[in-house]
Amino acid sequence: MSQPPQALHALPPAVETALRKLGTDLATARQRRRQPLKAWAQRLQVSVPTLLRMEKGDARVSMAVYATALWLVNRHAALAEAADPRLDLAALEAEVAQAQRRHAPRATP
């Protein structure tokens with residue numbers, strides 16, 4: 001068996017928390033739809049143990065599995081917007097600061 005990627009050992013706590021919440025929310029969505037584990041696993045084309053790991057927010061589960069689960073609950077559009085450059089506040093702040101520096105009054109010698 002291969003070693004897990006280094007990134008799994010260095011997950012920021014906020015990422016671990018977000019994955020756990022995503023997994024729990026997907027489990028809740030499945031349960032509210034009264035879908036058994038086996039049925040969802042088949043729709044996701046994964047084993048039941050993999051589905052259970054996803055529902056716990058396991059980072060080792062493929063992003064494709066999470067993405068397909070989001071599609072099953074009609075939330076795949078949220079994934080498409082997750083890294084939308086228009087919503088990147090840090091980049092926007094940097095651009096504003098750069099524009100302010102360009103247009104700042106120059107000190108006269």
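Read-outs: derived from the displayed coordinates by stated rules, not from any lab. Predicted, not measured: the structure shown is a model, and the values here were computed from it. Please note: Cβ atoms are built from the backbone with ideal geometry, for glycine as well, and neighbour counts cover all protein chains shown.
Provide the three semi-axes, in whole Å and in decreasing order, of the ellipsoid equivalent to the chain as defined by the square roots of 5 times the Cα gyration tensor eigenvalues.
Each semi-axis is the square root of five times an eigenvalue, giving 41, 17, 11 Å.
For Q35, list long-range residues whose amide hydrogen, built 1.01 Å from N in the peptide plane, is under 5 Å from its own amide hydrogen.
Residues meeting the criterion, in which the H sits 1.01 Å from N, do not exist here.
Within 10 Å, count the other beta carbons around each residue, average over each peptide in 42-52, 92-102, and list them highest first.
42-52, 92-102
Give, as a single signed number, the net charge of other residues whose beta carbon lies under 15 Å from the beta carbon of R33, with Lys and Arg counted +1 and Asp and Glu -1.
Numbers: positive: R30, R32, R34, K38, R43, R75; negative: D25, E55.
Around R33, the charge tally is +4.
Pop out the ³J(HN,Hα) list for segment 45-62 in order, Karplus 6.51 cos²θ - 1.76 cosθ + 1.60 with θ = phi - 60°, rounded to Hz; leave Gly and Pro as x.
Karplus-based 3J(HN,Hα) across segment 45-62 equals 6, 10, 7, 4, x, 5, 4, 4, 5, 4, 5, 9, x, 5, 6, 7, 6, 4 Hz.
Quick check on segment 10-51: take the gyration tensor over C-alpha atoms, sort the square-rooted eigenvalues as a ≥ b ≥ c, and tell me if it's rounded (a/c under 1.5), prolate or oblate.
Cα axes put segment 10-51 in the oblate bin.
In nm, what is the difference between 0.36 nm times the number of residues separating T24 and D58 and their Cα-Cα distance?
Additional length available on full extension: 11.2 nm.
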